[in-house]
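Accompanying notes for the structure given below.
The values are calculated or read from the model by the stated rules, or taken from the named source; none is laboratory data. This is a predicted model, so every value here is computed, not measured. Positions of Cβ are generated from backbone atoms using ideal geometry, with glycine treated the same way; all protein chains shown enter the neighbour counts. Side chains are part of the model used for accessible areas, which takes the heavy atoms of the whole protein and leaves out ligands, DNA and RNA. Shrake-Rupley method; radii C 1.70, N 1.55, O 1.52, S 1.80 Å.
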Amino acid sequence: MPAPYPLLDMPPGSIKNIHEYPAIHMAAVHNMFIQSINAIVAHAPTLPTNKLQPFMVFCFTVIDNIHHHHHIEETFLFPELEKKLGAGTLSRNFEEHADFVPQLDEVKVYLQKVQTGELAYDGPLLVEKIHSFSDSMMLHLSHEIPTLDASRLKAVFTEKELKDIDSQGLSIALKTVSFYTSIPWGMVCANPATPWFPPLPLPVKLATRWWFSRKYREAWEFGPLDLYGKPRQAEVEKS
């Protein structure tokens with residue numbers, strides 16, 4: 001099985017510096033996707049039959065949240081930034097989505113056919129399909145971070161302007177995700193090195209642990225972390 005993709009190095013700076021935050025935030029989001037892809041590839045070949053449906057929920061949630069992330073970028077974040085950076089300055093970020101999204105969608109179609117029983121589940125085939133797009137996706141994730149360089153943003157945006165964009169983006173995200181799938185997924189596929197991300201209000205985290213995660217609880221067992229941010233492998237080694 002191919003080695004797991006390494007997580008992206010976090011850009012230098014502080015999350016408290018609003019001009020440095022967009023690149024740091026973007027890298028943190030991307031690391032959630034990398035954690036997710038690695039988790040799917042790790043579990044797919046040896047998936048127990050009785051875990052198939054929860055695994056389908058996990059996989060669909062990953063794919064849907066990659067699409068959700070792209071939607072916010074394409075319809076809100078990048079257009080807002082281009083108002084001052086200049087039209088087309090972030091166009092490469094848009095264009096690279098086409099390098100892997102069609103193959104990503106093919107994976108979803110395959111999984112839907114497995115879920116309905118039209119096709120038998122094949123773990124090695126799923127890994128092969130994941131790797132049909134994952135290399136291109138990883139390149140894109142690394143390319144996107146430098147386009148949000150702090151000095152570039154500081155030259156044209158005030159702190160207040162960037163804070164307003166960030167607040168609007170978070171508001172849009174929370175209004176357009178499922179608290180029963182997206183939020184638990186974000187918590188179990190986060191990076192332990194960045195415990196501040198995703199930037200969920202404490203009441204949302206608590207409600208997710210105690211209520212929202214329960215509907216598909218078995219699905220979140222495929223994430224590398226538990227709902228408290230602890231690596232699952234560490235728990236196995238202690239037992």
**OP:** Keeping every protein chain in place, order Tyr228, Tyr21, Tyr216 by accessible area at 1.4 Å, biggest value first, i.e. largest first.
**Re:** Tyr228, Tyr216, Tyr21
Subject >> Taking the range 5-111 and dividing mean pair separation by its residue count, relative contact order in percent (alpha carbons under 8 Å, at least six apart) >> reply: 19 percent
Original post:
For the chain, modelled as a GNM with alpha-carbon contacts under 10 angstrom, which of Ser142, Ser182, Ser134 fluctuates the most?
Top reply: Ser142
Original post:
Which net charge results when you count Lys and Arg as +1 and Asp and Glu as -1 among the other residues whose beta-carbon is under 10 Å from that of Glu221?
Top reply: +1
Subject >> Highest average packing first - 49-59, 94-104, Cβ atoms within 10 Å >> reply: 49-59, 94-104
**OP:** May I ask for the angle, rounded to the nearest 10°, between helix 21-43 and the longest principal axis of the chain, with both axes built from Cα atoms and the value confined to 0 to 90°?
**Re:** 10 degrees
**OP:** Past 19 Å, Cα to Cα, is the threshold; run Lys175/Lys205; Lys205/Lys230; Lys163/Lys205; Lys16/Lys163; Lys16/Lys205 against it and keep the listed order.
**Re:** Lys163/Lys205; Lys16/Lys205
**OP:** With a Förster radius of 35 Å, plug the Cβ-Cβ distance of Ser151 and Ala193 into 1/(1 + (r/R0)^6) and report the FRET value to the nearest 0.05.
**Re:** 0.90
Subject >> Furthest towards positive pole of dipole, Val188, Ile130, Phe76, structure part the chain, Cβ charges >> reply: Val188
Original post:
Leaving out ligands, DNA and RNA but keeping every protein chain, what accessible area does Leu153 have, in Å² rounded to the nearest 10, with a 1.4 Å probe?
Top reply: 0 Å²
**OP:** Could you calculate the FRET efficiency of Arg214 with Leu174 from 1/(1 + (r/R0)^6), where r is the beta carbon distance between them and R0 is 22 Å, rounded to 0.05?
**Re:** 0.65
Original post:
Gain in length, Ser136 to Glu221, computed as 0.36 nm per residue apart minus the alpha-carbon separation, to one decimal in nm?
Top reply: 27.9 nm
Subject >> Virtual spin-label span in nm between Leu206 and Lys163, 7 Å along Cα→Cβ >> reply: 2.6 nm
**OP:** Determine the calculated [θ] at 222 nm for the chain from helices alone, applying -39500 (n - 2.57) to every DSSP H run no shorter than 4 residues and normalising by the residue count; nearest 500 deg cm²/dmol.
**Re:** -17500 deg cm²/dmol
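Largest first and in whole Å, what are the equivalent-ellipsoid semi-axes of the chain based on the Cα gyration tensor, each being the root of 5 times an eigenvalue?
That gives 31, 21, 16 Å for the three semi-axes.
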Original post:
In degrees from 0 to 90, rounded to the nearest 10, what is the angle of the helix 52-72 Cα long axis to the longest principal axis of the chain?
Top reply: 10 degrees
Original post:
How do Trp196, Trp185 rank by accessible surface area computed with a 1.4 Å probe, from largest to smallest?
Top reply: Trp196, Trp185
Original post:
Tally Lys and Arg at +1 and Asp and Glu at -1 over the other residues with C-beta under 11 Å from the C-beta of Phe78: what net charge comes out?
Top reply: -3
Subject >> In degrees, nearest ten, helix 134-144 long axis to first principal axis of the chain (Cα) >> reply: 20 degrees
Original post:
Largest first, what is the accessible-area ranking of Lys108, Lys16, Lys84 with a 1.4 Å probe?
Top reply: Lys16, Lys84, Lys108
Original post:
Given 0.36 nm per residue, what is the gain on full extension from Ser14 to Gln112 after removing their alpha carbon distance, in nm?
Top reply: 31.2 nm
**OP:** Tell me the label-point distance for the pair Asn50, Ser91, using the 7 Å Cα-to-Cβ offset, in nm and rounded to one decimal.
**Re:** 5.6 nm
Original post:
What does the charge dipole of the chain about its Cα centre add up to, to the nearest 20 debye, if the Cβ of each Lys and Arg holds +1 and the Cβ of each Asp and Glu holds -1?
Top reply: 880 debye
**OP:** Return the aspartates and glutamates within reach of Lys129: Cα separation strictly under 13 angstrom, same-chain partners fewer than 8 residues apart disregarded; answer none if there are no such residues.
**Re:** Asp105, Glu106
**OP:** Take every Cα pair under 8 Å in the range 20-178 that's 6+ residues apart, average their separations, divide by the length, and report that relative contact order as a whole percent.
**Re:** 40 percent
**OP:** Take the Cβ-Cβ distance between Leu125 and Gln233 as r, set R0 to 22 Å, and report the resulting FRET efficiency rounded to the nearest 0.05.
**Re:** 0.25
**OP:** Could you provide, to the nearest whole Å², the per residue accessible area of the chain with probe 1.4 Å?
**Re:** 50 Å²
Original post:
At what distance in angstrom do the alpha carbon centres of the range 173-190 and the range 87-117 lie from each other?
Top reply: 19 Å
